[in-house]
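For reference, the structure discussed in these notes is given below.
The values are calculated or read from the model by the stated rules, or taken from the named source; none is laboratory data. Everything numeric here is computed off the predicted structure, so don't read it as measured data. Ideal geometry is used to build each Cβ from the backbone, glycine not excepted, and the neighbour counts take in all protein chains shown. Ligands, DNA and RNA are stripped out before the accessible areas are found, and what is left, the full protein with its side chains, is counted by its heavy atoms. Shrake-Rupley method; radii C 1.70, N 1.55, O 1.52, S 1.80 Å.
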Amino acid sequence: MSTLNFKHLRYFWMVAKTGSIARAAEQLHLTPQSISGQLSEFADTLGVELFRRSGRQLELTDTGRRILSHAESIFSTGDELLEIVRDQSRTTTTTFRVGCADSVSKLIACRLVAPALGLAEPLRIICREGRLASLLADLAVHRLDLIMADRPMPAHLSVRGFNHLLGESGMTLFGTPALAATLAGGFPQCLDGAPLLLPGEDFAIYGRLLQWLGDNKLHPRIVGEFDDSAMMKAFGQSGAGLFFAPTVIAPQVCEQYAVVALGRVDSLVEQVYAITTERRLSHPATIAISQSARRELFV
């Protein structure tokens with residue numbers, strides 16, 4: 001005998017457990033003749049006697065009892081293995097990798113990604129933050145599934161990607177109550193000579209904001225430029241200067257950073273794009289993000 005026939009072993013195990021070939025055949029949905037033939041073949045292959053007759057009942061031989069002990073262990077282990085597989089299938093999660101350009105507000109990014117966590121299929125979110133060029137390089141080699149950015153993917157890059165506009169928002173000026181109390185005049189004239197925190201040059205809104213200030217002949221005192229939107233807001237929270245943020249998150253900005261809204265500029269628009277390798281969104285997470293953006297955030 002070169003290998004053990006586990007099908008024969010199961011038939012033997014079932015006959016030993018039920019006490020008769022007929023009852024084992026019912027459990028296995030086979031004919032008694034089939035079970036009897038397979039059992040005889042198993043005994044012949046092993047070269048041992050497994051059962052002896054006791055009236056109408058089958059009794060295990062000593063060898064049969066030893067084999068049954070091993071069979072119990074083998075099939076118990078098999079049942080445990082199946083249970084592990086079933087547990088894993090119930091808890092298997094899909095990994096969704098999101099890149100967030102550092103020019104995108106973290107409050108907006110969080111609100112955009114949150115609906116993906118509510119999908120019926122468990123989802124594990126991996127978020128990466130960085131410069132858009134670096135994130136696009138990761139997208140090109142499929143290290144990311146989606147990038148959130150404040151501009152479309154540059155046309156000159158050789159990366160295969162598609163731009164999906166999630167929404168756009170006007171901008172609101174914020175400052176601490178103490179700083180606001182020192183300002184002269186109403187909005188936007190109060191900006192003239194006031195300390196202002198600017199987003200860095202990599203922000204799409206940077207040039208638009210400078211142009212808006214020039215068009216309105218406003219000359220604030222620029223006290224800082226920041227490559228990270230959260231850091232700019234943190235400095236604003238400390239009272240270092242006024243700052244702009246998207247109007248769609250104005251209530252959250254006021255609450256989180258203990259500031260007040262001083263005025264809004266609807267013509268000064270910040271956009272948010274999803275950049276993916278899909279021409280047409282098909283991943284459940286990207287669909288959830290896109291639908292939520294249009295229905296709940298950018299309305």
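At-a-glance table
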quantity	calculated
Matching residues, region 29-59, being hydrophobic (A, V, I, L, M, F, W, C) and touching a Lys or Arg at 6+ places or on another chain (Cβ under 8 Å)	LEU58
Failed item in (1) touching a Gly at 6+ places or on another chain (Cβ under 9 Å); (2) open to solvent by 60 Å² or more (accessible area, probe 1.4 Å); (3) farther than 27 Å from LEU139 by Cα; (4) not in a strand (DSSP E or B), with ARG294 passing the rest	(3)
Any hit, region 99-106, residues being open to solvent by less than 70 Å² (accessible area, probe 1.4 Å), in a strand (DSSP E or B) and of a type in the set (S, T, N, Q)	no
Test: residue in region 214-227 that is surrounded by 15 or more Cβ atoms within 10 Å (Cβ to Cβ), modelled with pLDDT of 95 or more, in a helix (DSSP H, G or I) and out of contact with any helix residue (DSSP H, G or I) (no Cβ under 7 Å at 6 or more places or on another chain)	no
Selected residue (criterion: most open to solvent (accessible area, probe 1.4 Å)) from residues of region 45-75 that are in contact with a Gly (Cβ under 9 Å, 6 or more places away or on another chain), outside any loop (DSSP other than H, G, I, E, B) and touching a residue at least 12 places away in the same chain (Cβ under 8 Å)	GLN57
Residues located in region 125-169, provided they are among the hydroxyl-bearing types (Ser, Thr, Tyr) and assigned to a strand (DSSP E or B)	SER169
Within region 224-281, tally of residues that are within 26 Å of LEU146 (Cβ to Cβ), touching a residue at least 12 places away in the same chain (Cβ under 8 Å) and either in contact with a Gly (Cβ under 7 Å, 6 or more places away or on another chain) or of a type in the set (A, V, I, L, M) (or both)	17
Identity of the residue in region 228-255, small (Gly, Ala, Ser) and in a helix (DSSP H, G or I), that ends up most open to solvent (accessible area, probe 1.4 Å)	ALA234
Single unsatisfied condition, THR3 versus (1) free of Cβ contacts under 8 Å to residues at least 24 places away in the same chain; (2) more than 49 Å from the chain's Cα centre (by Cα); (3) on the phi < 0 side of the Ramachandran plot	(2)
Search result, residues across region 6-21 that are surrounded by 15 or more Cβ atoms within 10 Å (Cβ to Cβ) and farther than 13 Å from ILE67 by Cα	THR18, ILE21
VAL113 being out of contact with any Lys or Arg (no Cβ under 9 Å at 6 or more places or on another chain), open to solvent by less than 50 Å² (accessible area, probe 1.4 Å), assigned to a loop (DSSP other than H, G, I, E, B) and at pLDDT 85 or above	no
Verdict on ALA155 being over 17 Å from ALA285 (Cβ atoms) and either touching a residue at least 12 places away in the same chain (Cβ under 8 Å) or open to solvent by 60 Å² or more (accessible area, probe 1.4 Å) (or both)	yes
Hits in region 124-139 (condition: surrounded by 17 or more Cβ atoms within 10 Å (Cβ to Cβ) and among the hydrophobic types (A, V, I, L, M, F, W, C))	LEU132, LEU135, LEU136, LEU139
Extreme residue, farthest from the chain's Cα centre (by Cα), among residues of region 180-205 that are within 19 Å of PRO246 (Cα to Cα) and open to solvent by 40 Å² or more (accessible area, probe 1.4 Å)	PHE187
Verdict on PHE42 being open to solvent by less than 40 Å² (accessible area, probe 1.4 Å), touching a Ser or Thr at 6+ places or on another chain (Cβ under 8 Å), touching a residue at least 12 places away in the same chain (Cβ under 8 Å) and over 30 Å from TYR206 (Cβ atoms)	no
